[in-house]
Structure formats: structure tokens, C-alpha cells
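The values are calculated or read from the model by the stated rules, or taken from the named source; none is laboratory data. Small disclaimer: the values here were computed from a predicted structure and weren't measured. Positions of Cβ are backbone-derived with ideal geometry, glycine not excepted, and every protein chain shown enters the neighbour counts.
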């Protein structure tokens, strides 16, 4: 019976590491598969769109030297800029929340008054407004931050409510 060879080998054994169990090795191996195995289910999102691993990180030993000291249990490998490849300057260990916030499709909104930039869902939680309300306002063409994030707004079914402004003025006076 022939033993199947691993596609990505390490030259030297790192003392104290059992590769199959080590989370840093699993992250490295997953990164390599996503970028270089075209049969991998996620290849189209990584290698298929040009995401590469820097030359030095193609060796597990060098990846381990760069990333293992900062690894903590429960964190996963994350690229800071999703349009750049895997390298020491573009990677970090991140929580699942940070990973979700760093997706290509995550909509980031900046408050022009403070300069604070957050994902849409975080603005919704912070201001206690439904995420769907903010999304609907964006689809309707709202571009001003204050009107996007207002608790109440003046448009209902695509038409401006004339009594909205009177209601708001009463609330301010009370």
C-alpha cells in the first residue's frame, strides 16, 4: 500500500509541534489549500481571484516563526486588506466577529462628524435601529449620514410625509 504524500511539506521538524493537532499548522495548511488547490471549494475566492502567499510563507517553518508567537486559542488567520495576498504585513489573528466585519461585502459607514467608521450592523446596534431600516434607506437613495441613522425619517412608501417635521418639532419642544 502506497502512502499518500502531503502536498505541502516542511523541511525541518519544529520541536513540540504535532502538525495535525497544531492550530497554527491547520491555519497555514488551509491558507495554502485555498490559494493553490483549484479543487478546493474556496479556491475561487482566493487563488482564483489572484490571492497568493508570499514566497517565505510557503514554508511552514517561516510562517510559524512569524505568526505563532501572537496566536491565541480561538483566533483565526485574517488578511487585513482582502485584496492583497498573505504576508506578515497583511495578516493578523482575529476573532470571528473581526473576520465577519472584514468581509468584502460588509458595508462600512463613516460618521462625517466624528470620522468613526463601523460596519452597518454595528451602527444599527449602537443607535438601536433595525439593520433592515438602514439598508432600506440606502436603497431609497439616502446618502446623508444623519438621515440614514435617524430614529424617524420623513419618507413613507417613497413619499415625503408632511406631518413628520411637525411631529419632530413637537418632540424637541416637549
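Residues 79, 125: which one is more than 22 Å from residue 51 (Cβ to Cβ) and either surrounded by fewer than 16 Cβ atoms within 10 Å (Cβ to Cβ) or in the same structural domain as residue 56 (by TED's automatic domain parsing) (or both)?
Answer to the check: 125.
Considering every residue within the stretch 36-50, establish whether at least one is surrounded by 15 or more Cβ atoms within 10 Å (Cβ to Cβ), in contact with a strand residue (DSSP E or B) (Cβ under 7 Å, 6 or more places away or on another chain) and outside the structural domain of residue 122 (by TED's automatic domain parsing).
For the stretch 36-50, residues surrounded by 15 or more Cβ atoms within 10 Å (Cβ to Cβ), in contact with a strand residue (DSSP E or B) (Cβ under 7 Å, 6 or more places away or on another chain) and outside the structural domain of residue 122 (by TED's automatic domain parsing): absent.
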Take residue 74 and decide whether it is at pLDDT 90 or above and over 30 Å from residue 131 (Cα atoms). no
Mind checking which residues of the stretch 88-108 are part of a strand (DSSP E or B) and modelled with pLDDT of 85 or more? 91, 92, 93, 94
Does residue 59 satisfy the condition of being assigned by TED's automatic domain parsing to the domain that holds residue 34, surrounded by 13 or more Cβ atoms within 10 Å (Cβ to Cβ) and either under 30 Å from residue 134 (Cα atoms) or free of Cβ contacts under 8 Å to residues at least 60 places away in the same chain (or both)? yes
